[in-house]
Amino acid sequence: MKTTFSSLILFLFFAHGILAQGTQTIRGIITDAQSQSPVPGVTIVVLGSNPLNGTITDFDGAYKLENVPVGRVTLQVSYLGYETITLANLEVNSAKELVIDVKLVEQVKRVDEVVITAAPDKDKALNDMATVSSRTLSMVEANKYSGTRSDPSRMAQNFAGVSGASDDRNDIIIRGNSPSGVLWRLDGIDIPSPNHFGTLGTTGGPVTMLNTNNLKNSDFLTGAFPAEYGNASAGVFDLQLRNGNNEKYEFLGQIGFNGFEFGAEGPFSKKSKASFIVNYRYSTLGLLSAIGINFGTGAAIPQYQDLTVKINAPTKKAGKFTLFALAGKSYIEFLDSELAEGDNFYSSQGEDSRAGSDMGVVGLSHTYFYNDNTSGKIFLAASAWRTTFSRDSLSIVDNSPTETDDLKFSQLKYTAGYQFNKKFNAKNQVKAGVQFDLYDLRLRNIQLVAENTYFPVQDYKGIAPLLQAYAQWQHRFNDKLTLNSGVHYQQFFLNNKWIAEPRANLRYQFKPTQSISVGVGLHSQIQPLQSYYVETNYSDGTSARTNEDLDFLRSSQLVIGYDNLIGKNFRFKAEIYGQYLTNAAVEQMPSAVSLMNQGSGFGIEPYDSLVNNGRGYNYGLELTLEKFFGQGYYFLVTASLFDSKYEASDKEWRNTTFNSNYVFNVLGGKEFKIKKKHTIGFDTKFAIAGGQRYTPIDLTASRAQGYAVYDNSRAFEERNNLYFRWDFKITYTFQGKRATQKFSVDLQNLTARQNVFSREFNARTGELNTIYQIGFFPDIQYRILF
């Protein structure tokens, strides 16, 4: 009897822990969107709460809402003289406090006792000076997207105007431009490509180093971006790391495609507002391969690990100090000599190759408010990047190896800069800044040119300084019409080339839910750094660097946009654009070669004798229909129609390799609540895109030479078949009393469609082999917050 009674008591206690409605805390800081200074006295309430749950911000702009029920809630943030903000469908879980920082926009025309309710600005950038071709990437919503592998780059590929090169890489192709034209920025500091297996001169890779568990909402810009962004011709990914919890310790564990990972965050002490957040991840792909799952890399198994750290230390009088670090290490081998029959990987037959890459960046910043409307930020950063690659050609007779390539590239980059922000009044704001980058390069690329004869294609040690400066002004004529204008200056001291780039954008909100915008600007970028140091070998045995005088690639851009908020959570957006590119690097002798077609692979071809005589153009139409998450569901439909052409030194206009002409994405999801603590979600995505362009292999010449010979007279004339992929994801969430658990299965390429990756010449058989992209792949992930 005692045993039965004790069991009943334990059961009731357990059931109470499972079924009791949990609560959590929501807190954050409210700041002025222009000055960035805290706003005291702001009212924050949980809409629909009974009794009403609300609070106001303190002198530091901080607020805290306690005892908020776990689940979906909506906050309203209001203050007299500012636009009221409504934050709908925020997910509150039982294990982790929800930190929501909000920027309020001051009204130009003040009306006593009247406030303007702003629509959800998820389709706008956090940067208030970016009004065209820009949007916020919500990490919470984007993590719902099927097929993204928790990769911010693959999340962005769902947006209008963006496509990917292939399933095996996360390159961001924007409006037909090379992925090399994308600028990565983290916490206001320019960084190298944050991807494993990246190479100098490229911005993508197979696996991201970025961890969405550490990121907060960030900006993604696809053209005509503000003057503060430089040395980029295609787009900008302006990422923000979130701060750790400065009041309590929280932990995370996760297992999935991107790796085994563990994260921790919390305060340094109870007396300090300083916090830390750290996350470490190690590759799981070796384990997946061992149990027979093909994840799209063939017989080669990538190995990688990465670390993300941020320390945030605000002070009462000395301003705010921030330190972040991101580091990653990766290695892979493609050994055809050990390839089992029937296996394949993304490398040429008859070769053994080994590739590795290491990247690390650390940034330190100090933000100080001179007064409520004036602030300055000084920042220092250092980054290191190392790429190694070696290749052996295997004998057709006995499979014996002969070394053909030995590449070792390393780059140290030191950055120092200062940013100034001044809000004069509700109408006028000025931003200005200066940044100096010092590149310390070690480039060594040795290639076999004849039997037992090796030639240094690149062999350089030295520095390459780059100076950038900008000034921009925002003028709000009224609450409907806003003008942002500015100029960006940069000078490359290697050859003393310089350029000033004027930019402007105008936004007119002619109805409460509708607006039109126009953006124009000149955007320039230095050529891939290693291209400046390619050696030209002359017949008398001497050599020279014939690319050192290359000028900036220049892109003149025009964007016209229309935005319409249809109802509470629906948005329609349309943009047309045109881009004219000049000063593209092409060969001196007539050919189809242009560096505009580089950047989507694992390196930049070492062409020599380049001149700035190339040009190109991109134009297109982009449409977006979006339902932000609400009433338990969301969807996103995007259509991109575009044309991308280039002219090289042979004076013929051709398709660029990125000219797929069209991209269509349809994705959406529905979340169901089961009882009080259980939810299940279904998400899906359909992607259709035009086939990528490629240069055909001359089979006859290749058989004669014993290696792939391309028919460059037909550069990018051929294209792959239409790309199609269907992904479907199921997510189950359980809100425990002290832990939140999520389990998801993302069925990628559900139809197992064979989308072409590449065509390779097989020297052993003398035939062409077709290599396909990822097959059917289930991405299984488990996550626990506690």
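Taking the C-alpha atoms of the stretch 595-737, how large are the radius of gyration and the largest Cα-Cα span, Dmax, in Å?
22.6, 71
For the chain, what is the percent of antiparallel DSSP beta bridges, rounded to the nearest 5? All intermediate terms of the calculation are to be shown ahead of the outcome.
Numbers: 324 of 336 bridges.
Beta bridges within the chain, antiparallel portion: roughly 95 percent.
Give the calculated FRET efficiency between Leu722 and Phe570 to the nearest 0.05, with a Förster radius of 30 Å applied to their Cβ-Cβ distance. Present the calculation step by step, with values, prior to reporting the outcome.
Working: r = 29 Å, r/R0 = 0.98.
Step by step, r from the Cβ atoms, then E = 0.55.
Tell me what the chain gives for mean residue ellipticity at 222 nm when only DSSP H runs of n ≥ 4 count, each as -39,500 (n - 2.57), the sum divided by the residue total, rounded to 500 deg cm²/dmol. Working shown, then result.
Numbers: 5 runs with 40 residues, N = 786.
After summing the helix terms and dividing by residue count, I get -1500 deg cm²/dmol.
Per the Debye formula with a single identical scatterer at each Cα and no solvent contribution, what log10 I(q)/I(0) holds for the stretch 518-580 at q = 0.14 Å⁻¹?
-0.65
Note down the accessible area of Arg615, probe 1.4 Å, to the nearest 10 Å².
Roughly 80 Å² of Arg615 is accessible to a 1.4 Å probe.
Calculated FRET efficiency, Arg764 and Ala325, Cβ-Cβ r, R0 56 Å, to nearest 0.05?
Working: r = 46 Å, r/R0 = 0.83.
It comes out at approximately 0.75.
Can you compute the modelled spin-label distance between Ala752 and Phe672, with each label point 7 Å from Cα toward Cβ, in nm?
Calculated label separation equals 2.8 nm.
For the stretch 656-786, just list the percent of Cα-Cα distances falling in each 10 Å bin from zero outward, please.
Binned Cα distances yield the sequence 11, 27, 23, 17, 12, 7, 2, 0.
Along its three principal axes, how long is the stretch 461-560 when you only count alpha carbons? Whole Å, largest extent first please.
Principal extents (largest minus smallest coordinate, Cα): 72, 22, 16 Å.
I'd like the Karplus ³J(HN,Hα) series for the stretch 180-193: coefficients 6.51, -1.76, 1.60, θ = phi - 60°, whole numbers in Hz, and an x wherever there's a Gly or Pro.
After applying 6.51 cos²θ - 1.76 cosθ + 1.60, I find 5, x, 8, 9, 9, 9, 10, 6, x, 10, 5, 10, x, 4 Hz.
Over the chain, what is the relative contact order in percent, taking alpha-carbon pairs closer than 8 angstrom and at least six residues apart? Walk me through the numbers on the way to the answer.
Working: 2279 pairs, mean separation 85.7, N = 786.
Relative contact order comes out at 11 percent.
Consider just the alpha-carbon atoms of the stretch 32-76 and return their Rg together with their Dmax, both in angstrom.
12.0, 35
Relative to the compact-globule scaling 2.2 N^0.38 Å, provide the ratio for the alpha-carbon radius of gyration of the stretch 366-514.
1.70
Which number comes out as Rg/Rh for the stretch 14-97 once both Rg and the Kirkwood Rh are worked out on C-alpha atoms? Write down the numbers at each step before the final one.
On the way: Rg = 14.3 Å, Rh = 13.8 Å.
For the stretch 14-97, the value is 1.04.
Roughly how many Å is it from the Cα centre of the stretch 136-200 to that of the stretch 568-593, as a whole number?
Their Cα centres are 17 Å away from one another.
Please compute the per residue accessible area over the stretch 474-577 with all protein chains in place, 1.4 Å probe, rounded to a whole number of Å².
Working: 4470 Å² over 104 residues.
Per residue, the stretch 474-577 has an accessible area of 43 Å².
What translational D, rounded to a whole number of µm²/s, comes out for the stretch 711-768 from Stokes-Einstein when the hydrodynamic radius is the Kirkwood one over Cα pairs, at 37 °C and 0.692 mPa s? Write down the numbers at each step before the final one.
Values: Rh = 16.2 Å.
Rounded to a whole number, D works out at 203 µm²/s.
Could you give the distance between the Cα centres of the stretch 609-649 and the stretch 73-110, to the whole Å?
Going from one Cα centre to the other spans 32 Å.
Using only the alpha-carbon atoms, what does the stretch 570-677 span along each of its principal axes? Please give whole angstrom values in decreasing order.
71, 30, 17
Throw me the Rg/Rh for the stretch 589-645, computed over C-alpha atoms with Kirkwood Rh, two decimals. Before the final figure, lay out each step's value.
Numbers: Rg = 19.5 Å, Rh = 15.6 Å.
Ratio value, two decimals: 1.25.
Report the extension gain between Asp650 and Glu247 in nm, rounded to one decimal, defined as 0.36 nm multiplied by the number of residues separating them, less their alpha carbon distance.
Details: separation 403, 0.36 × 403 = 145.08 nm, distance 6.43 nm.
Value of the extension gain: 138.6 nm.
List the aspartates and glutamates whose alpha-carbon lies under 15 Å from that of Lys316, not counting same-chain residues fewer than 8 positions away?
Here the aspartates and glutamates satisfying the reach criterion relative to Lys316 are Asp58, Asp60, Asp372.
According to a simple spin-label model (label point 7 Å from Cα along Cα-to-Cβ), what is the distance in nm between Ala416 and Ser543?
Each label point is offset 7 Å from its Cα along the Cβ direction, giving 3.4 nm.
Straight-line reach only, C-alpha to C-alpha below 25 angstrom: list the lysines that Lys568 could link to, leaving out same-chain residues fewer than 8 apart.
Lys103, Lys109, Lys122, Lys124, Lys144, Lys216, Lys480, Lys511, Lys627, Lys670, Lys673, Lys685
On a straight-distance basis, which aspartates and glutamates could pair with Lys96 in a cross-link, Cα separation under 16 angstrom, same-chain partners fewer than 8 positions away excluded?
List returned: Glu66, Glu247, Glu250, Glu265.
By how many nm would the segment from Val745 to Asn495 grow when fully extended, if each residue of separation counts as 0.36 nm and the alpha-carbon distance is taken off?
84.7 nm
With axes computed from alpha carbons, what is the tilt in degrees of helix 2-19 against the longest principal axis of the chain, rounded to the nearest 10 within 0 to 90?
Approximately 70 degrees, to the nearest 10.
Quote the charge dipole size of the chain about the Cα centre in Debye, to the nearest 20; the model charges only the Cβ of Lys and Arg (+1) and of Asp and Glu (-1). Walk me through the numbers before you get to the answer.
Working: 77 positive and 76 negative charges, 779 e Å.
Value, rounded to 20: 3740 debye.
Just how far, in whole angstrom, is the stretch 359-389 from the stretch 749-786 if you go by their alpha carbon centroids?
38
In bins 20 Å wide, starting from 0, what share of all Cα pairs of the chain does each bin hold, as a percent?
The distribution over the chain is 15, 50, 29, 6, 0, 0, given as percents.
Please give the length that would be gained between Thr700 and Ile516 if that part of the chain were fully extended, namely 0.36 nm times their separation in residues minus their C-alpha to C-alpha distance (nm, one decimal). Could the numbers behind the result be given before it?
Details: separation 184, 0.36 × 184 = 66.24 nm, distance 5.55 nm.
Result: 60.7 nm gained on full extension.
May I ask you to give the percent of accessible area on the stretch 45-99 that is carbon plus sulfur, with a probe radius of 1.4 Å?
Working: 1340 of 2500 Å².
Carbon with sulfur: 54 percent of the solvent-accessible area.
Return the FRET efficiency for the residue pair Phe59, Leu623: r is the Cβ-Cβ distance, R0 is 41 Å, and the value is rounded to the nearest 0.05. Intermediate values should be presented prior to the final figure.
Working: r = 46 Å, r/R0 = 1.12.
Taking R0 as 41 Å, the efficiency between Phe59 and Leu623 is 0.35.
The values are calculated or read from the model by the stated rules, or taken from the named source; none is laboratory data. All figures in this text were calculated on a predicted structure; none of them were measured in a lab. When we count neighbours, we look across all protein chains shown, and the Cβ atoms used for this are built from the backbone with ideal geometry, even at glycine. With ligands, DNA and RNA removed, areas are computed over all heavy atoms of the protein, side chains included. Shrake-Rupley method; radii C 1.70, N 1.55, O 1.52, S 1.80 Å.
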